[in-house]
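Step one of this worksheet: look at the structure below.
The values are calculated or read from the model by the stated rules, or taken from the named source; none is laboratory data. Quick caveat: nothing in here was measured; it's all calculated off a predicted structure. Cβ atoms come from the backbone with ideal geometry, glycine included; neighbour counts cover every protein chain shown.
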Amino acid sequence: MMERKDWEKAFGHLPEGVDAAELQAQRQQVVTATAANGSITDTGASSVTTIYARVCGEVSGTACTQDLGEDLSELLETARRDGMCASGNRLTLQGKETMFSGRVETGSKATPAQLKETALLLEQKLRQASGMIQQTSVTVSEEENTSQLVSSNGAEMESTSRAIVVSVSAQAEIDGFGCGTAFELNLPGLESVDADQIVRETVERLSLQKEPESFTPGRFRVLLEQPVVWNIMLTAWMAFAGPRCQNRTSCLSDKLGQKIGADCLNITDYPSHPACGQQFAFDYEGTPSVPLEIMRGGVMTGMLHHLDSAAAFSVASNGRAGRCPSLTSGIPNQHTVTPDIWVVEPGSSTKEQLLEQLGDGIRITDSYDPFHCLDISSGHFSIPCRGILYKDGKPVKNLASIAIHGTLEELFQSVIGVADDLMISPFIMTHAYCVGAPSVLVSELVVSGK
C-alpha cells in the first residue's frame, strides 16, 4: 500500500493548476485451494494492487497504475495531463469533515491448511452424495480486500475485509442425460460454510435437469429460483443508479417515491451483511457507505448516489461511488456508481410452500446471459432459461431453450411470494460487489420456446 512519506511528498508539491488531489490504493489478495476426486488438485495465491489518482483545479483528471514503484507525484501529474488532453470536467472533491476517518478491519484470517481441509471435506461429501454425480470440483478461497484513501485536505482512511468464496462445480448423468451446475457463495468465514446445505443445493440443481420436451408458449405463473433472481438483479441495480436517473437513461427515472412493485417486495443495498464476508466502509470518493433502502413494500425509496448525482437530487451521497472499466484499459477508472451488497430481502415462506402455490405453471431453475438480456433504459428483458412445467402442482416435463419476457416494473408488480432461501454471491467478473437473492413466485410472465 502507499507509504506516508510518499503521499505527503506528492501532496506537498501539487502539479501546476491543481488545487486538490486524492490518492487511493486498492489491494486484493486471494488464497485458493481446489479439490477434485478426493485430493487437492490446485492451490494458488495472488495479490494485485492498483493506485488511483484524482486531481482538481484549473483542469480535472484521473490516472491509475499497478506499478508500485511509480512516483506518486508523477501519477498526479499524469492525472493532470490526461485531464487536459481529455478536456475533463471539474471533479467533485469533498471536504475532510464529510469523509470517512480512521481504519477498520473485519474478518478473521484463514490458513492455507484450513482452506484445503474445507475444500476436501466439501468435495468428498458432494462426490458421495449421489450415484448420479460423475465429476466434482470445489474451490475454497479467502479474498482479502484493502482500500486506503488519502487526500490533500488531510483525510486518511483504510479498510480491510475478508470473505470466504466457495465455488462448486458438478456434472452428472440422469437416465443417459448429461447435466451440470456451478455456483459461488460469499460467506463471512470458514465457520459459515454449511457443507450439508451446499451438497443438498447441488444435488437438487442436478436432479431437476432431465431430457427436455416441447411445450406451447404463453403466459404462465412462474417460480423464479435463486439463480434466476440473482441473474436479473445482477444488472437490474443499474436502473436504480442516481446518474442514470439524473440523465434519464433509466426506466425508473421518474419513479422515486412511487409504487413500482408488490407489497411483499423489498430491496436493500448493504455496506455489510451477516451472511456475507465482503464489507464496504467507504466509497472511492471517501464517503461513508450506509445501509440504503431501495424498495420498501413495492415503493421505490432510494437510489445509488455518488457526490455529483446526490447533488443533482439535493440529497447527501450514500457512499456508492465506484469505477467501471474504460474502453482502453482493463483497470476500472471511470466515474460511476456501484452497489455494495445488493439484496432482494427474503420473505417468510419456504420455497416448498411457494411450489405448492405454483399450480399450473413453470419452475424456472436456471437462466443465462446476464449482461445482455436486460435493457436498463426501457426496462425490457428477454432472458434465456430452462425450467420444469407443472400441472396441478406436480412436475410434468422439463423445458430447455425457453425465455421469459417482460419489463422490470411488470416483474416487480407481479411478485406474489418471496421465499426465505437467500443466497449471496459475488459479482461474476471482478467480485467488486455482491448480489443476494431468494426464490420468488410471480403471478404471470410470458414464456417463449418450443
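If residue 282 satisfies all but one of (1) surrounded by fewer than 18 Cβ atoms within 10 Å (Cβ to Cβ); (2) under 28 Å from residue 50 (Cα atoms), what's the number of the condition it fails?
Of (1) surrounded by fewer than 18 Cβ atoms within 10 Å (Cβ to Cβ); (2) under 28 Å from residue 50 (Cα atoms), only one is false for residue 282: (1).
Would you say residue 293 is in contact (Cβ under 8 Å) with a residue 24 or more places away in the chain, outside any strand (DSSP E or B) and within 25 Å of residue 162 (Cα to Cα)?
no
When the residues of the stretch 100-131 are filtered to those that are touching a helix residue (DSSP H, G or I) at 6+ places or on another chain (Cβ under 8 Å) and part of a loop (DSSP other than H, G, I, E, B), which remaining residue is nearest to residue 145 (Cα to Cα)?
110
Return yes or no: is residue 352 free of Cβ contacts under 8 Å to residues at least 12 places away in the same chain and of a type outside the set (Ser, Thr, Tyr)?
Yes: the conditions hold for residue 352.
Look at the stretch 223-260 and say how many of its residues are closer than 16 Å to residue 310 by Cα and not in a loop (DSSP other than H, G, I, E, B).
9
Going by what's in this entry, would residue 265 be described as more than 15 Å from residue 440 (Cα to Cα), in contact (Cβ under 8 Å) with a residue 40 or more places away in the chain and assigned to a loop (DSSP other than H, G, I, E, B)?
no
Yes/no per residue for (1) free of Cβ contacts under 8 Å to residues at least 60 places away in the same chain; (2) hydroxyl-bearing (Ser, Thr, Tyr); (3) on the phi > 0 side of the Ramachandran plot:
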position	(1), (2), (3)
13	no, no, no
29	no, no, no
33	no, no, no
39	no, yes, no
46	yes, yes, no
51	yes, no, no
55	yes, no, no
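Here is a list: 55, 31. Which entry is within 30 Å of residue 171 (Cβ to Cβ), assigned to a strand (DSSP E or B), in contact with a Gly (Cβ under 9 Å, 6 or more places away or on another chain) and of a type outside the set (S, T, N, Q)?
31
Pairs only if they're at least six apart or on different chains, beta carbon under 7 angstrom, first in the stretch 149-160 and in the same structural domain as residue 12 (by TED's automatic domain parsing) and at positive phi, second among the β-branched types (Val, Ile, Thr) and crowded, with 21+ Cβ neighbours inside 10 Å; list them, first residue then second.
none
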